[in-house]
Each structure stands twice: as structure tokens, then as C-alpha cells.
């Protein structure tokens, strides 16, 4: 049976490509699982929750991570911030230090 109208099936939204991408993404996420926390400083013996935040200096366990949007947001428990580190190396076009 051929559909006469080029609209998505009942209860579906988007075009066929976006539905394909959603299906592939859903099957991949269920297979691979979510992302894991990566230890950027493996030689530090303290648990990740006890290590200091690079923004405010409080323990990371005191922070809240908001996953309600596509971009996760880290919410510090205070408005105080650590002073910015002095950068004595040249910066690239994105403002990141160039490693030599």
C-alpha cells in the first residue's frame, strides 16, 4: 500500500531522515550506554567528589550538574571564583594556549 501524502506517520514528527537519526541514536545509546566520568588527574589519590572545582575551589561533591538541557551545566555552590591563571604562552585563534 502506497501512502498518498508525504507526511510523517501518525504520532511521529520530523522527516524520514531525522527519524532515522533518532532511531540510530537510540539504538547506539542503549548499546554503548552513557558517557563516563574521566579522571583528568589519575595520580591524585582523592576521590573525584573530594577534589577541588577549577572554578570556585569547593569540593566537586558540593556541586550540582544540570542535565535538563542538551548542554550540561555545572552549578557551583558559591558565586566566588578562583583568580584566573596567568598564561605566559601564545594563544591560538580560539584563545587557547599553544603547547610547544
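Every read-out reported here was derived from the displayed coordinates using simple, explicitly stated rules and does not represent laboratory data. Because the structure is predicted, anything quoted here is derived from the model rather than measured. Cβ placement follows ideal geometry from the backbone for every residue including glycine, while neighbour counts extend to all protein chains displayed.
Computed quantities for the displayed model
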quantity	calculated
Stretch gain in nm, segment residue 71-residue 93, where the contour uses 0.36 nm per residue and the Cα spacing is subtracted	5.6 nm
Ranked list, fewest to most other Cβ atoms within 10 Å of each Cβ, for 60, 28	28, 60
Residues in the range 58-100 that a label on residue 44 would reach, taking backbone N under 11 Å of a point 7 Å out along Cα→Cβ	58-61
Extension reserve of the residue 80-residue 17 stretch, reckoned as 0.36 nm per residue once the Cα distance is removed	18.1 nm
